[in-house]
1. Considering only the stretch 160-254, give the strands (runs of 3 or more DSSP E) lying wholly within it that have at least 2 residues that are in the same structural domain as Ser34 (by TED's automatic domain parsing) and surrounded by fewer than 18 Cβ atoms within 10 Å (Cβ to Cβ).
2. With the checklist (1) of a type outside the set (S, T, N, Q); (2) part of a helix (DSSP H, G or I); (3) touching a Ser or Thr at 6+ places or on another chain (Cβ under 9 Å) in hand, flag the one item Glu72 doesn't pass.
3. Looking only at the stretch 55-66, which residues are more than 16 Å from the ligand (Cβ to nearest atom) and of a type in the set (Val, Ile, Thr)?
4. Please work out if Leu267 is surrounded by fewer than 20 Cβ atoms within 10 Å (Cβ to Cβ) and of a type outside the set (S, T, N, Q).
5. Does the stretch 274-291 include one or more residues that are touching a Pro at 6+ places or on another chain (Cβ under 6 Å) and either within 30 Å of Val100 (Cβ to Cβ) or not hydrophobic (A, V, I, L, M, F, W, C) (or both)?
6. Please go through (1) closer than 30 Å to Arg26 by Cβ; (2) within 16 Å of the ligand (Cβ to nearest atom) for Ala228 and return the number of the only condition it doesn't satisfy.
7. Among the residues in the stretch 67-75, are any closer than 15 Å to Thr237 by Cα, within 16 Å of the ligand (Cβ to nearest atom) and either touching a residue at least 24 places away in the same chain (Cβ under 8 Å) or touching a Leu at 6+ places or on another chain (Cβ under 6 Å) (or both)?
8. Across the stretch 141-159, what is the number of residues that are of a type outside the set (Asp, Glu), touching a Gly at 6+ places or on another chain (Cβ under 9 Å), part of a loop (DSSP other than H, G, I, E, B) and in contact (Cβ under 8 Å) with a residue 60 or more places away in the chain?
Amino acid sequence: MRVYFDNAATTAPDEAVIEVMVDAMRRFPGNPSSIHKEGRTARAAVEGARKTVARLLKASIGEIFFTSGGTESSNMILKRAMQDLGVQRIISSKTEHHCVLHTLDALQREHGIEVEYVVQTEDGHIVLADLEHKLKRTGLKTLVSLMHANNEIGTLLDLQAVGELCQANGALFHTDTVQTIGFYPIDLTQTPVSFLVGSAHKFHGPRGIGFVYINANNHIHPFIDGGAQERNMRGGTENLAGILGLAKAMEMAYGQLEEGKQHIDSLKNYFIEQLKANFGDLEFNGDPFGQGHYKIVSVSFPPSARAELLLLNLDIAGVAVSGGSACSSGADAGSHVLDALRNGSPRKTIRFSFSRYNTREEVDFVIKQLVEILY
Ligand SMILES: Cc1ncc(COP(=O)(O)O)c(C=O)c1O
């Protein structure tokens with residue numbers, strides 16, 4: 001048996017998504033930029049997908065642009081906002097995904113942009129009063145970049161409160177919603193957000209396709225120069241099958257949001273219950289009993305010789321999980337998130353993340369393997 005509890009790293013594409021994509025490759029041979037019938041049909045399919053994404057977020061069609069995913073989208077926003085919108089200062093947090101943190105490092109190093117990090121509590125929440133204080137402190141044109149849910153520990157941001165604070169202080173607001181699109185409803189007519197990003201592979205869509213929402217009040221130039229695709233915002237022939245797969249996956253995720261949430265939430269609670277029943281000395285990271293993403297459980301086991309190779313031993317025993325986050329280098333390199341929040345813990349941290357396709361039997365299997373490995 002193999003159990004996949006690493007759904008914050010990526011999710012398996014849904015069968016219905018795969019069907020839509022295979023069908024798209026057969027049905028739409030034309031380039032969406034061509035003016036013949038094959039091209040026009042392909043264009044109509046892309047625009048249909050855009051309409052779906054816009055409808056699900058209550059955005060305008062003209063505010064959605066397809067990209068290769070979360071990393072490209074956040075790079076695009078942070079870099080172009082500095083160039084085109086006069087942003088001189090960015091306020092962010094130490095627990096953002098590396099696609100934001102490393103972009104900020106580059107902007108600081110190469111362009112001298114001012115970067116400030118907001119104060120956070122031990123469970124990863126930002127201190128709103130500190131954000132407000134920082135926003136009011138200078139007259140520099142400011143962009144706030146804060147993620148909606150942390151991918152390692154699940155801590156959720158109050159999107160509404162931060163959006164309103166930014167709006168009241170004349171700051172732009174970029175939010176990395178890669179872990180929450182398809183899991184939490186977002187209504188962009190109500191929540192003041194300047195830029196928001198999504199990635200299909202986190203909600204049972206394909207890898208390598210995502211989108212960025214750019215509020216109509218903000219005009220930026222393309223990040224990738226080339227043809228006039230994506231209304232001149234991103235050169236390159238569209239990933240048609242990916243775009244249609246993304247729209248299908250997003251529609252499915254939002255179509256069964258409540259059932260999915262309830263199922264995952266009850267699995268998560270059952271898992272935590274079983275962990276507590278079997279292990280005495282555990283630390284749960286983030287805010288899993290309060291404002292935390294229902295799909296993520298990050299737990300730290302006490303240091304021991306047996307815990308040392310826990311990730312590897314779980315894999316050998318048939319359980320796919322991550323230590324912190326899915327590291328792009330493939331090595332278990334520790335966690336910048338946990339280091340930022342509680343530096344230097346010798347404990348062994350494992351992130352378990354669930355999908356709507358996981359089962360209680362799988363939880364039982366994982367607990368059994370943990371007991372065998374750790375005792
Ligand atoms: C919070 C967060 N932001 C951004 C990304 C990057 O997205 P993508 O893989 O689409 O580039 C990820 C995925 O690893 C993520 O979890």
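The values are calculated or read from the model by the stated rules, or taken from the named source; none is laboratory data. Since the structure is predicted, the reported quantities are computational estimates derived from the model, not experimental observations. All Cβ positions, even for glycine, are placed from backbone atoms using ideal geometry, and neighbour counts span all protein chains on display.
1. On the way: elements: 172-176, 195-199, 210-214.
No strands (runs of 3 or more DSSP E) qualify here.
2. (3)
3. Applying the first criterion (more than 16 Å from the ligand (Cβ to nearest atom)) to the stretch 55-66 yields 55-63.
If the condition is that a residue be more than 16 Å from the ligand (Cβ to nearest atom) and of a type in the set (Val, Ile, Thr), then Ile61 is the only one that fits.
4. No; evaluated as a whole, the condition is false for this residue.
5. Scanning the stretch 274-291 turns up at least one residue that is touching a Pro at 6+ places or on another chain (Cβ under 6 Å) and either within 30 Å of Val100 (Cβ to Cβ) or not hydrophobic (A, V, I, L, M, F, W, C) (or both).
6. (2)
7. First, the residues of the stretch 67-75 that are closer than 15 Å to Thr237 by Cα: 67-68.
Restricting the remaining residues to those that are within 16 Å of the ligand (Cβ to nearest atom) gives 67-68.
Now drop any that are not either touching a residue at least 24 places away in the same chain (Cβ under 8 Å) or touching a Leu at 6+ places or on another chain (Cβ under 6 Å) (or both), which leaves 67-68.
Yes, the stretch 67-75 contains at least one residue that is closer than 15 Å to Thr237 by Cα, within 16 Å of the ligand (Cβ to nearest atom) and either touching a residue at least 24 places away in the same chain (Cβ under 8 Å) or touching a Leu at 6+ places or on another chain (Cβ under 6 Å) (or both).
8. So the count comes out to 3.
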